[in-house]
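Student: Okay, handing you the structure first.
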Amino acid sequence: MMQTIFFVFAAVAVGAAINVLVQKHVMYSALSLILMLTAVSVLFILLRADFLAVIQVIIYAGAIMVLFVFVIMLLNLPQDEDGADRLWWLKFLGIPLGLFFLFLVIATLWNVESSVDTRAGISGSAGAIGHSLFTDFLLPFEATSLLILIALMGAVVFAKKDL
Amino acid sequence: MIPVGWYLILGAVLFLIGALGFFIKRNMIALLLSIEIMLNAVNLTFVAFSAQHAQISGQVFVFFVLVVAASEAAVGLALVIAIFRNRESLNVDRSNLLKW
Amino acid sequence: MDLLWLIPVLPLIGATTNGVLGKRLPKNVISLVAAGSVGVSFLISLRLFLAMLGQPQSELPILKDYFTWIQAGPFQAQFGLMLDHLSGVMILIVSGIGFLIHIYSVGYMSHEDGFYRYFAYLNLFVFFMLTLVLANNYLLMFVGWEGVGLCSYLLIGFWFSRKSAVDAGKKAFIVNRVGDFGFILAIMLIYWTFDRVDFASVFSRLENAALFPVEPLGSVGVLTTICLLLFVGAAGKSAQFPLYVWLPDAMEGPAPVSALIHAATMVTAGVYMVARSASLYNHAPGALLVVAVVGLFTAVYAASIGLVQTDIKKILAYSTISQLGYMFLACGAGAYAAGIFHLMTHAFFKALLFLAAGSVIHGMGGVQDIRKMGGLRRHMPWTHATFLVGTLTIAGVPPLAGFFSKDAILWGTWNYANYGRLLWFVGVAAAGFTSFYMFRLLILTFYGRAQYSDNDVHHVHEPARSMLLPLVVLAIGSIVAGWLGIPPVLGGSNPIQQFLTPATHETESESLGASTTEFVLMLASTSVSLLGLGLAYLFYVARPELPEKMAARTHAMYSIMVNKYYVDELYDTIIVSPLVQTSREFLWKFVDVLMIDGAVNGIGRVIRGSARGLRHMQSGYVRAYIGWILFGGVLVMAWFLR
């Protein structure tokens, strides 16, 4: 049962990701990405990371992608990119390289002693994550607040009309 | 049960697709989307390992990756807007002034 | 005795002060600091000397170690000073005559730009010289040795805008270096043989006759080698054959420098060193013979060159070389005290002669050729008087100082075991030469008709009183100093001989008793001196056409002598030119330009070339960069999965 769910949503994720690359207009790519995020979120649930799954949908798909869509709509882009591809040869270089990379990874993992997942090991609940955040990872946690502040200021500065 | 290797392979595949996006797409926003795909693949891998070793810290790390992805997306998009305002084009190959 | 360290250190302070602050100080402050530091040093020397006189022989030498200079495993070298009779005499000479020359220099150099620099160097020289004579070990002595060589170079080339002066300075330093090489080898041998380098230890170990027997004549054992090497060093510093060539050229420096360094003090360092090492030399009679013969040969040789020279300072330079030869003859014959005695009187009269020559040059507006002088007696009476005193004493006319010291040397030579009589004859001949050329100099400069016209030389005049005063003091010294060594045969007790004998560990010589032989020899040498005077009078006053006739008749010999036996040219061909050629063609053009510069520039070229190639990676296209990153990532993964 679990396996079926896994395969279905894995396929959806991969398909959506490929679709991101295939689409001509960037708006469709963004929407495709939202689909992928949701599929991955389901996979999170399978891995007993319920809090993360929810966060993924709310924050990632719900806030970040919305931001993307806003910007795309703001810029009012035309259908496709102008001119011929100056680096047209990259496609031909990149694809075999990437496939080789993939081959390496799979070759490694095929021989890995795969232990079972989703055992009664951890609970990915909000409480567990929160506990860890506020004890073991307190400093990074506080630091991220600073990071967000800086990103905020940066975004505001960059997007101003007159810099 | 689902062996953890499958999740890892899925993560690798997604990562690859994200990397390929860089080679194929020329639109700057599309590049940012590819980055998001790659980050997601990494998140998936982290959570898989977290489940394998029964430790919560993998998931906590995903939390941080999320924060960083958000900030980076915000700043990146602000940059895209600024570039678009100056050039009227989002072709990343047009922005090649940092060459030798 | 606690003030002993002040003696060398005071001039050092003077040198530092004048060197660092001198540019901004007014002339009288500079002079005060410089002359004052040497003067106070002299006073302290005098006081310590008198204190030492009161102490019994067993207390001496007074040794004071101030700090450990080198500590390398078992080897140790101290900065230690030693005061005994020998070094006591030396410090008085150095600081006393140094003080007088400082005073003279104030007047002589008053119009010079580098006034402060001159005095800084001069003070530095006095510091090093005092260190040299006060050192209680060979290594510290060598420090002073090198230091005076350095200051000599600096002062010879004082007028550095003149190429001849610069070359002379370099020549002095390099020839000295050859001698120093011998000295260093000697120090190493001393350490190897005795495990120590300080005088007290070395000399006390030498007394062990079983370990260190006297090496017979003709055999070259380790002690003879040490002594010969030490003499090489002495020959360099004290301008003996064949390392004398730098001294005539050193006359490029100012006259007071020639007086102090190349007459009274630095060049005598070699003699002091041999006298100090007397214990060593007494174990190596072969080395002593070499010293005596070389010294005597140099004395005659230099005197023969001096007979025909025409530059006033060069004549005095050759005279100095000749007189130093006498001092080495004395030491070689075992009469160390006589050698030091002559060193003392020579310091007085040679400094006097040089300063007087300086005053002549100063008054003549820079002319140094004696053929262009003449009749200066009328215009420069005081200079003439002091120069006359100097000439009389160097010629050995009694009862002036030079007579007694030269007689002491000749008497010691006569009593020398190996060929002493023969050496005595040659020595007397050299004395004859000395008398002749000195009187020639005197006559041509001060007597007769003026060879210059009044529009060539404007208003010949006597120098200032500050310059005349040292001349007078030195003249008095030249007369009186000899009376410290009146031998018994003439009724004196020869105090200086007795004073120095314990310090120089002289073997018992017969010179302490009265003897008619000595009296006869004295008459002989005095008559030879008077013969020299007579000949000079003949050649230059009575029959002035004679010199040219003689020169024409012995033309070949004459021109060889005038050209200083072509020794400089010989050195140039054999040593200097090949070295310069090698340096220029091989070391410079090949090794430096092609190899070293080529390598360094080559590295630059390679880097530039590779950078030119590699920069194309920076294409500016982000996507290409991604490609590189992925490529690198694959490589890393492949590495870890291998």
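Student: Could you tell me what fraction of 2.2 N^0.38 Å the Cα radius of gyration of region A:1-76 comes to, as a two-decimal ratio?
Tutor: Normalised by 2.2 N^0.38 Å, the Cα Rg of region A:1-76 equals 1.18.
Student: Same structure again: Rounded to the nearest 500 deg cm²/dmol, what is the calculated helix-only ellipticity per residue at 222 nm for chain C, with -39500 (n - 2.57) per DSSP H run of length n ≥ 4?
Tutor: After summing the helix terms and dividing by the residues of chain C, the value is -21500 deg cm²/dmol.
Student: Shifting gears a bit: With 23 Å as the limit, write out which pairs from C:Lys64/C:Lys237; C:Lys170/C:Lys237; C:Lys237/C:Lys372; C:Lys64/C:Lys350; C:Lys237/C:Lys564 have Cα-Cα distances beyond it, or answer none.
Tutor: The pairs that break the limit, which is 23 Å between Cα atoms, are C:Lys64/C:Lys237; C:Lys237/C:Lys372; C:Lys64/C:Lys350.
Student: If you take each beta carbon of peptide A:126-139 and count the beta carbons of other chains within 10 angstrom, what is the mean?
Tutor: 2
Student: Once label points are set 7 Å from the Cα along Cα→Cβ at both A:Ile95 and C:Leu150, what is their separation, rounded to one decimal in nm?
Tutor: 7.9 nm
Student: What is the spin-label model distance, in nm, from A:Thr4 to C:Arg615 if the labels are put 7 Å beyond Cα along the C-beta direction?
Tutor: 6.5 nm
Student: So, one more: Pick out, in residue order, every one of the chymotrypsin sites (Phe, Trp or Tyr not before Pro) in region C:40-123 that is DSSP loop and has at most 13 other C-beta atoms within 10 Å; say none if there are none.
Tutor: none
Student: Quick check: the distance between the Cα centres of region C:569-642 and region C:313-337, to the nearest angstrom?
Tutor: Computed from Cα coordinates, the inter-centre distance equals 60 Å.
Student: Here's a follow-up. Take A:Phe103, project a point 7 Å from its Cα along the Cβ direction, then tell me which residues of region C:598-642 have their backbone nitrogen under 16 Å from it.
Tutor: C:631, C:634-639, C:641-642
Student: If a/c stays under 1.5 just call it rounded; otherwise compare a/b with b/c (prolate if a/b is bigger, oblate if not). Do that for chain C, with a ≥ b ≥ c from the square roots of the Cα gyration tensor eigenvalues.
Tutor: Prolate.
Student: Still on this model: At q = 0.05, 0.06, 0.09 Å⁻¹, what base-10 log of I(q)/I(0) does the Debye formula yield for the protein assembly as shown when every alpha carbon is treated as an equal point scatterer in vacuo?
Tutor: Log10 of I(q)/I(0), two decimals: -0.54, -0.59, -0.85.
Student: Okay, next question. Which whole-number percent gives the relative contact order of chain A, counting Cα pairs below 8 Å spaced six or more residues apart?
Tutor: 20 percent
Student: While we're on this one: Taking R0 as 22 Å, what FRET efficiency do you get between C:Leu641 and B:Val65 from their Cβ-Cβ distance, rounded to the nearest 0.05?
Tutor: 0.30
Student: I would also like to ask the following. Which listed residue (C:Ile315, C:Leu60, B:Phe23) has the Cα farthest towards the positive end of the charge dipole for the protein assembly as shown, taking +1 on Lys and Arg C-beta and -1 on Asp and Glu C-beta about the Cα centre?
Tutor: My answer, from the dipole projection, is B:Phe23.
Student: Let me ask something additional. Once the other residues with Cβ under 14 Å from the Cβ of C:Leu206 are scored (Lys, Arg +1; Asp, Glu -1), what is the net sum?
Tutor: Every neighbour counted, the sum reads -1.
Student: May I ask for the distance between the Cα centers of region C:288-310 and region C:152-193, given as a whole number of Å?
Tutor: Cα centroid to Cα centroid, the span is 21 Å.
Student: Any idea of the accessible area per residue across the protein assembly as shown, 1.4 Å probe, to the nearest Å²?
Tutor: Using a 1.4 Å probe on heavy atoms only, each residue of the protein assembly as shown averages 44 Å².
Student: Distance from the Cα centre of region C:125-144 to that of region B:6-57, in angstrom?
Tutor: 82 Å
Student: How far, in nm, would the chain grow between C:Met557 and C:Ser583 when pulled straight, counting 0.36 nm per residue and subtracting the alpha carbon separation?
Tutor: This chain segment gains 5.7 nm when fully extended.
Student: Same structure, new question: Could you work out Rg/(2.2 N^0.38 Å) for chain B, with Rg from alpha carbons only?
Tutor: 1.33
Student: Also: Please list the equivalent ellipsoid semi-axes of chain A, computed as the square roots of five times the alpha-carbon gyration tensor eigenvalues, in descending order and whole angstrom.
Tutor: Working through the eigenvalues yields semi-axes of 32, 27, 17 Å.
The values are calculated or read from the model by the stated rules, or taken from the named source; none is laboratory data. As the structure is a computational prediction, the values presented were derived from the model and not from experiment. Cβ atoms come from the backbone with ideal geometry, glycine included; neighbour counts cover every protein chain shown. All accessible areas refer to the heavy atoms of the entire protein, side chains included, with ligands and DNA or RNA removed. Shrake-Rupley method; radii C 1.70, N 1.55, O 1.52, S 1.80 Å.
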